[in-house]
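Worksheet: one structure, shown below.
The values are calculated or read from the model by the stated rules, or taken from the named source; none is laboratory data. These figures come from a predicted structure and were not determined experimentally. Positions of Cβ are backbone-derived with ideal geometry, glycine not excepted, and every protein chain shown enters the neighbour counts. Just the protein is used for accessible areas: all its heavy atoms, side chains included, with ligands, DNA and RNA removed. Shrake-Rupley method; radii C 1.70, N 1.55, O 1.52, S 1.80 Å.
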Amino acid sequence: MPVVNVYDFDGNKVAEQELSEFVFNAPVHMTAIHRVVVAHLANCRQGTASTKTRGDVSGGGKKPWRQKHTGRARQGSTRSPIWIHGGVAHGPHPRDYHQKVNKKVRQLALRSVLSDKVRENMLAIVNGLDTLQKPSTKSVKPLLDTFNTKKTLVIYHTNPNGVNLVKSVRNINGSKCINVHSINVYDILNANNLLVSPQAISKIEEVYSK
């Protein structure tokens with residue numbers, strides 16, 4: 001079974017903990033990871049970009065000049081895409097970029113990236129993440145500095161003090177804090193180190209085990 005280190009809130013190693021073999025020692029499935037990441041980035045797009053075609057811009061009702069004997073190319077409207085102030089040809093219009101990924105594929109990808117982080121010693125369990133009584137970046141930064149990584153993802157379980165933790169971590173450049181119910185493949189891949197509360201580890205094993 002995979003084993004990870006357990007730290008206290010001061011960054012001192014206090015124990016080791018065995019994790020679920022099925023969740024944290026799964027084979028890495030690159031195809032599933034790729035599909036989930038592509039879908040995640042696509043679903044983040046707003047799809048609100050819009051342009052006006054020649055039928056949407058005002059003006060252009062009168063033919064600029066007669067058809068023949070002017071020595072110039074024939075033109076039917078001043079709102080043609082080749083004219084200044086004309087419409088846009090083949091421009092973007094509002095659309096939905098959403099991509100659907102099956103639940104089992106998402107779970108397979110998540111187990112893959114979690115297992116990879118464990119194998120690379122990039123996942124640690126930290127006690128006391130839910131003990132902050134008020135937002136305090138000064139209290140959290142020494143913990144993150146202990147692991148000496150530029151990008152740290154802190155995962156906590158739902159608790160009354162979760163908001164305090166989020167507000168404390170978000171002021172630290174390159175760090176992010178999310179609820180265990182919001183974990184996703186992209187954020188885990190993007191992080192150099194994962195700091196997870198014991199309650200969050202239990203929830204992950206509960207949800208993603210067989």
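Details
- Gaussian network model of the chain, Cα within-10 Å springs - most flexible of 26, 109, 49: 49
- When nucleic acids and ligands are ignored and a 1.4 Å probe is applied, residue 51 ends up with an accessible area of around 40 Å².
- Cα-Cα separations in region 67-155 greater than 15 Å, expressed as whole percent: 79
- For region 1-147, the Kirkwood hydrodynamic radius comes to 21.4 Å, computed from all pairs of different C-alpha atoms.
- The C-alpha atoms of region 105-210 occupy a region whose extents along the principal axes are 38, 28, 19 Å, arranged from largest to smallest.
- Most positive-pole-ward Cα, 97, 128, 84, against dipole of the chain from beta carbon charges: 84
- Rg to Rh quotient for region 73-125, alpha carbon positions, Kirkwood Rh: 1.55
- In this view, the solvent-accessible surface of residue 10, computed with a 1.4 Å probe and all protein chains in place, comes to about 120 Å².
- Helix 30-43 and the longest principal axis of the C-alpha atoms of the chain enclose an angle of approximately 60°.
- Each residue was assigned an accessible area with a 1.4 Å probe, and for residue 131 the value is about 80 Å².
- Gaussian network model of the chain, springs between alpha carbon atoms under 10 Å - residue of 162, 91, 71 with greatest fluctuation: 71
- GNM remark for the chain: springs join alpha carbons under 10 Å apart, and the peak mean-square fluctuation among 97, 186, 156 falls on 97.
- Projecting the Cα atoms of 143, 9, 37 onto the charge dipole of the chain, computed from C-beta unit charges around the Cα centre, puts 37 farthest toward the positive end.
- Cα long-axis angle, helix 103-119 against the chain (0 to 90 degrees, to the nearest 10): 50
- Were the residues from residue 17 through residue 107 laid out at 0.36 nm apart, the gain over their Cα-Cα distance would be 30.1 nm.
- Cross-link table 13/167; 52/151; 100/167; 117/167; 117/210, entries beyond 30 Å C-alpha to C-alpha: 52/151; 100/167
- Relative contact order, whole percent, for the chain stands at 24, derived from Cα pairs under 8 Å and 6 or more residues apart.
- Using alpha-carbon coordinates, inclination of helix 137-146 to the longest axis of the chain, degrees: 80
- Charge dipole magnitude, Cβ of K and R +1, D and E -1 - the chain, Cα centre, debye nearest 20: 2260
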